[in-house]
């Protein structure tokens, strides 16, 4: 549509619309000019970057990991994929709370495992309860995936909620991967904690996954990392050595600058996302037949369209989120992501990683279209 000159408001993008901060780019350019363009050795990440990650985890998360307990990868997705390959054997089950990021179940399947989907209901703000987790764990459970702040819902587990989940996890001794890629993007004074910080036992069971894509507007740089028990990290490094050989060399210099340099750009981006979040939340809840819980983290709103399903919009019968997304795109020129991709066909995901003016424009278009819903 864009190639045809059609003005499409894109709420689908899962990346910041900001440019990478200049000091980060400058560090990578300096590395290029200095000839830092050879194979990225060691595979686990250059020593100064792993040291910077170690210091960041201690400073921001109260987590103590040595550089040898950290593995840097070509993006958070690559880090998670290598972890799944390292931990999962055929027949193993992995607990995946829904709504979930689209790649979790597929990564499990690619490793030969079976995703065990557990619905985290909207009435509990899309958060897994201790009772649900306890009931889902069985003798085949190899791993639990937690994602807070969450994509697609924007939900953030409170310290109290994490402590309750940690108690269940510790009682079963099951490993956890805690995906914290959106940790810097929380709002309304919400406290972001890592479940790995709830005592020595959790530190041994949890593998923390994080990266620089979202907080530092570095999606295309492809830098993510894992921190966890040395035996797990060692296995991940072996897989990386035979697949990617590690993340791009000069990019790691930029990543080091991101973690050790000024954090003011992160604060500025977070403040702007917060403004957009409020605009999108207010506007969505003012639309006919739409309801949306206020997200507390990340940069997504997960809008409930259940009242539209089974009805007609602009002459099109809505059977689920795919139909709704198609109508919005074709009739209103608004792009959203169908919730079925995240495990909930009653929802749409809208990213507010776009300007306030575009948010207003897109939701005005949606409102006009929804007046035809009957």
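Here are some notes:
- Residue order, fewest to most surrounding Cβ atoms within 10 angstrom, among 198, 18: 18, 198
- For residue 119 and residue 314, the difference between the fully extended length at 0.36 nm per residue and the C-alpha to C-alpha distance is 67.0 nm.
- Order of 354, 129 - criterion: other Cβ atoms within 10 Å of each residue's Cβ, fewest first: 129, 354
- The stretch between residue 131 and residue 4, if pulled fully straight at 0.36 nm per residue, gains 40.6 nm over its current Cα-Cα span.
- For a modelled paramagnetic label at residue 60, 7 Å from Cα along Cα-to-Cβ, the residues of the stretch 266-297 in reach, with backbone nitrogen under 17 Å, are 266-274, 297.
- Top of 33, 151, 346 by mean-square fluctuation, Gaussian network on the chain, Cα under 10 Å: 33
- Shape of the chain, Cα gyration tensor, a/c cut at 1.5: oblate
- Springs join every pair of Cα atoms under 10 Å in this Gaussian network model of the chain, and among 187, 157, 39 the largest mean-square fluctuation is at 39.
- If you take the Cα centroid of the stretch 268-342 and the Cα centroid of the stretch 112-182, the two points sit 25 Å apart.
- Least to most buried among 37, 141 (fewest other Cβ within 10 Å first): 37, 141
- Our estimate of slack between residue 25 and residue 234, defined as 0.36 nm per intervening residue step minus the Cα-Cα distance, is 72.2 nm.
Read the figures in this text as sums done on the coordinates, not as results from a lab. Keep in mind that this is a model prediction, so the values were computed, not measured. Using ideal geometry, Cβ is built from the backbone for each residue, glycine included, and neighbour counts are taken over all protein chains shown.
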